[in-house]
Structures are given as C-alpha cells and as structure tokens.
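Working notes, structure below.
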Amino acid sequence: MTAQPRLSIRDIRKSFGTLEVLKGISLDARDGDVISLLGASGSGKSTFLRCINLLETPTSGRVFVDGEEIRMLQKNGKTVPASQKQVDHIRSELGMVFQSFNLWSHMTVLENVIEGPVHVLKRPKAECIAEAEALLEKVGIADKRHVYPAHMSGGQQQRAAIARALAMKPKVMLFDEPTSALDPELVGEVLRVMRALAEEGMTMLVVTHEMGFARNVSNRVVFMREGLIESSGSPEEMFGSVASPAFRQFIGHYGN
Amino acid sequence: MNIMTLLGFGDKGWALWLLLGAMLTLAVTAVALVIGAILGAAVASAKLSASVPLRVLGNAYTTVFRGVPELLIIYLIYFGGSSAVTSLGQWLGYQGFLGLPSFIAGALAVGVISGSYQAEVFRGAYLAIARGELEAASAIGMPRSLRFRRIIMPQVFRLAIPGIGYVWQLSLKDSALVSVTGLVELMRASQVSANSTHQYFLFYIVGGGLYLVLTSLSDRVFTGAERHANRSMPSASMGKA
C-alpha cells in the first residue's frame, strides 16, 4: 500500500539574515509514524519544526499536509504565504506542543482545551466540552479542568497543552522539546502520555533530547547537524552498530 | 453664620450645590475616560504597528498631549472649538457667538489628554502578554481577528487595570481645570460657594475632602476589579501585573 504521506517536506531552507539555519531538509511522515528529531542545540531542529506550520516562514522549500501544498509566493524578494486563510486552515490540522506549554493564562484548563474547537472549528460547545473532558481524563488531569494554568505544575500544564492540541483532532502532532522545561520528576508523566498517543497510531514529529523516547517509542530517528539531516533510520539502526560516528558522538554527550 | 447651616441642605446651605458639582466632576471624568480609552486604543495600535508613518503619528500624539499643559489643551478645545463653531454658524448665516457646550469641550479636552496616557498603558499591557501564548493561538489556526478578540483583548484588559486606575485619578484631578470654561463641577462649585460666603477655608477644605472621597472610592473600585481580573494568576503576582 502506498498511501500518500501525512506530511511531506521538500528541501526546506531557512536563513536568518546571512545565517543559514536549515540547508535543505526533506522528510516524509506516513500515517502512524513517530519520528524523533535529535541534534545538538543550534542544529536547526526546532526551526525545522516551526517551518512546518509556518511559525517560521521557510526561505524556500515545500510543505504538503495530506497532499495539500502550502502555497507560497515571492514578494519584494521575500517568501510569504500566498493565503493566510490556507495557513490558518493547515495550522488547525497540525497540533503543536511547545517547550514552555504556552497555555492561555486567562483561561481555565477546560477553556483552553475547547477554545480551538469552539472558536476556530466553530463546533457546538456542548459537544466540545464532552470531548475535552474525555481528553483531560486521558491525560490524567480531569480534576484540574476548572483550574487556571498558573496554579498547576509544569507536567500538568504540558499535559493540558497536549489535550488542547488533540482537541483539534490533528492529522499530525508536532512536539517542540516538550519535556525540556520540566523538572526531572515531571518528565515521566508527559512522556507516558506521548507514548500512549504513539501507541494509538498518532502521527508525531518530536524534537527531543529524551534518548529513551527516541529509542523505545519512535519508529524513526532523524539526527540533524548544522542545518542538515546527518543520518536517519530506525532506532535499531541508529542506536546499533551501524550508527554514524557523528551520531555516536552526539549520544555520547547526551548519555543514557 | 453657622457652619452646619452653610454645609446643610437648607436655603442657606451649599450641600446640594457641592454634591451636584461632585456628580458633574464624576460625569466629566467618566466621559473623558471613555473618550480616552477609544483614542488610547487607537494610538496604542498605531504605536505598535509595523507601518512607520502610523508609528510616527502615534508617538507624536503621546509626546504632544503628555508634554503640553492640560490647561492649554482645555483653552484650545473650548475657545478654539467655539470659534470654529461660530465661523461655521456664520457660514450658515447665523450672526453672533456660538459656544461649544462646556461639558462637551471639557470632557473632550480631558479625554484627549487621558488618551495619551491610556495609549501608553495599553501598549505596555500588550507587550506584557507572553509571546508564547500568541504563538499558541497562531499555531492552533486562529485568524488574526479571532486571536485579537479571544487572546489579546482579555489579557490587555487585565494587565491594563492598574494603569487605567492611575489615569482615572489623573483625569479626575484634570477635570478641575475644566472650571475655567464655567462648568460648575466640584472645583467651580467650591469656588462659587467660597466667594459667595467668604468662607474660603471652609469651602476649599470641604471641596478638597470631596475630591479625596471620589479618588479613594474609585481606588477601591479599581483594586477590586484588579483582584477579580487577576484570579487566574498566582497570588504572588497580585498588584505586580
């Protein structure tokens, strides 16, 4: 079966001024793929993730979500999206989880989770609340639904942020270092939720430093170095004897 | 004459007169606050805009109206406005002086000044919103207008309350200057009662007391509003926002 990829990225480049951060990255994610993006800080992995939903505008390259290409055009020598409406639509199909959670601080957890479905997708509120409560149950913070984010731990906030993204029923979930801002004892509760999602068949792209997750949960590991994909493969290949010397050196630094 | 009689509600008493003045002071300040909020929001968005001409215009507004004496603005709007209305009247065939109503001129003048301070309050409030929350709104597919209405506005409102409370207090005191146009607000009411009775100490002190009542009552209202709006925040950030 050759189903088209959920997400297809072709030769993405991104420069900030004269600094070229991404030097041509291509990647496909098929349904149910869980791809870990590894690399030292400054390797461009977060920028790459942010280029997919256009939080950063790539200097060049193409992004397809379920076969639909995000249309870009040249304006005054700069690449810009051709239609902001299309960008908003594509973004609503891609769930994003940030390192710093970014929950809306003036809304309770439940309000955060139903905000997108009710106001972006314009679905009936009662239905969204029922779904949101099921999602909060799933990520284990049902009892916090009427609590404001500032009154929760980082791990709880990140699980709420995952529920908020899932409430949009995204085609792909993008995780930008979801556990990097957490105290060590809170990392596990977030990784467990992500693992459960992976087992349900969610398509996921995960920028992470968690080698355990990359090795045990993802089905593909992509190692980025200086704005390029240095090597990629299954966790068995990447963490086995055929790993590239650069990747071996990298995991030597990050340990475990 | 007996102090109690002077401050009573009877024939010789000035209580009603002063209270009406205080009400008018509140009314001028409230209308000015609304005018200032509209101007302030517009000027703040101009100052935050990506367009250079808009930014220059916004900066010019706040520089001018914060830098020029309030009294001058009031004269400018009252007398300037009145002569403009008079020329308009002449052009339409009416001979004679047409005055701008002093309440409208006063509220407009105080409102224009209040707007220059409110612009800074709104701008600061917008800049205090966590950038990540705006990014999360974009990432979920919110169009700009929805993001403004659902994420930016409620937070600007929350973060602006302490600053707006301060501007309200300034405007309340600025409104005393509107007395020069003949509007019998609290300042003018105190002056008239003092002059009529030659009890200058008494009536200026009572007037001052009434101003203090107004400012401390409004202070309470704003503190309450701030506490309510900050219920989503950790208690440590109370009053800091």
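Coordinate-derived values only; no laboratory data. Owing to the predicted nature of the structure, the values given are computational and were not obtained by experimental measurement. Please note: Cβ atoms are built from the backbone with ideal geometry, for glycine as well, and neighbour counts cover all protein chains shown.
So which DSSP H runs in chain B come out at 27 Å plus along the axis (Cα) with average Kyte-Doolittle of at least -0.5? Mind showing how you got there, number by number?
Details: long enough: B:15-48 (48 Å, 2.11); B:102-128 (38 Å, 1.02); B:153-174 (28 Å, 0.43); B:200-229 (43 Å, 0.68).
Length and hydropathy pass: B:15-48, B:102-128, B:153-174, B:200-229.
For peptide A:103-114, compute the average count of partner chain beta-carbon atoms within 10 Å of each residue's beta-carbon. Kindly include the intermediate steps, with their values, before the conclusion.
Values: counts 4, 12, 11, 15, 5, 1, 0, 0, 1, 1, 0, 0.
Other-chain Cβ atoms within 10 Å of each residue's Cβ, averaged: 4.
Tell me, how many Å apart are the Cα centres for region A:1-57 and for region B:15-51?
If you average the Cα positions of each part, the centres end up 51 Å apart.
Counting other C-beta atoms within 10 Å, which of A:S232, A:S26 has the fewest, and how do the rest follow? Spell out each step's value before the answer.
Values: A:S232 19, A:S26 12.
Fewest-to-most Cβ neighbours within 10 Å comes out as A:S26, A:S232.
What is the antiparallel percent of DSSP beta bridges lying wholly in the protein assembly as shown, to the nearest 5? Present the calculation step by step, with values, prior to reporting the outcome.
Working: 24 of 40 bridges.
Looking only at bridges with both residues in the protein assembly as shown, the antiparallel portion is about 60 percent.
Taking chain B as a Gaussian network, where each spring joins two C-alpha atoms under 10 Å apart, which residue of B:S175, B:S114, B:S138 fluctuates the most?
B:S138
How well do other chains shield peptide B:152-163, expressed as the mean number of their Cβ atoms within 10 Å of each residue Cβ?
On the way: counts 0, 1, 4, 3, 0, 1, 2, 1, 0, 0, 0, 0.
Neighbouring Cβ atoms belonging to other protein chains average 1 per residue here.
In chain A, what % of DSSP beta bridges are antiparallel (nearest 5)? Let's see the in-between values first.
Details: 24 of 40 bridges.
Looking only at bridges with both residues in chain A, the antiparallel portion is about 60 percent.
Figure the gain on full extension for A:H151 and A:R10 (residue separation times 0.36 nm, minus the Cα-Cα span) and round it to one decimal in nm.
Length gained between A:H151 and A:R10: 46.6 nm.
Enumerate the amide H contacts of A:D28 below 5 Å, restricted to partners 5 or more residues apart or on another chain; note that Pro and chain-start residues carry no placed amide H.
The answer is A:I9.
HN-Hα J couplings of region A:194-211 from phi, Karplus 6.51/-1.76/1.60, θ = phi - 60°, integer Hz, Gly and Pro as x?
So the Karplus estimates, Gly and Pro as x, are 5, 5, 4, 4, 4, 5, 7, x, 5, 7, 9, 10, 10, 7, 8, 10, 7, 5 Hz.
What are the chymotrypsin sites (Phe, Trp or Tyr not before Pro) within region B:84-115 that DSSP puts in a loop, where the Cβ has at most 13 other Cβ atoms within 10 Å?
On the way: sites: B:W91, B:Y94, B:F97, B:F103; in loops: B:Y94, B:F97.
Loop-located and lightly packed - B:Y94, B:F97.
Which order results if A:C51, A:C128 are arranged by neighbouring Cβ count within 10 Å, fewest first?
Working: A:C51 23, A:C128 20.
Going from least to most buried by this count: A:C128, A:C51.
Does chain B classify as rounded, prolate or oblate by the C-alpha gyration tensor (a ≥ b ≥ c root eigenvalues; a/c under 1.5 gives rounded; else a/b over b/c gives prolate, otherwise oblate)? Please report the intermediate quantities before stating the final value.
Values: a/c = 3.09, a/b = 1.48, b/c = 2.09.
The shape class here is oblate.
Rounded, prolate or oblate: which fits region B:24-78 when a ≥ b ≥ c are the square roots of the eigenvalues of the alpha-carbon gyration tensor, with rounded for a/c under 1.5 and prolate only if a/b beats b/c? Please list the in-between numbers first.
Numbers: a/c = 3.62, a/b = 1.63, b/c = 2.22.
Verdict is oblate for region B:24-78.
Between B:L33, B:L48, B:L183, which gets the highest mean-square fluctuation from a Gaussian network model of chain B, Cα cutoff 10 Å?
B:L48
At 222 nm, what helix-only mean residue ellipticity would chain A give, in deg cm²/dmol to the nearest 500, using -39500 (n - 2.57) for each DSSP H run of four or more?
Mean residue ellipticity at 222 nm (helix-derived): -10000 deg cm²/dmol.
For a quick check: with amide H placed at 1.01 Å from N, whose amide H comes under 5 Å from A:M224's, ignoring anything fewer than 5 positions away on the same chain?
HN-HN under 5 Å from A:M224: A:L38, A:G39, A:E230.
Go ahead and estimate [θ] at 222 nm for chain B from helices alone: -39,500 (n - 2.57) per DSSP H run with n ≥ 4, summed, over the residue count, rounded to 500. List each step's numbers first, then the result.
On the way: 11 runs with 175 residues, N = 241.
Helices in chain B give a 222 nm mean residue ellipticity of -24000 deg cm²/dmol.
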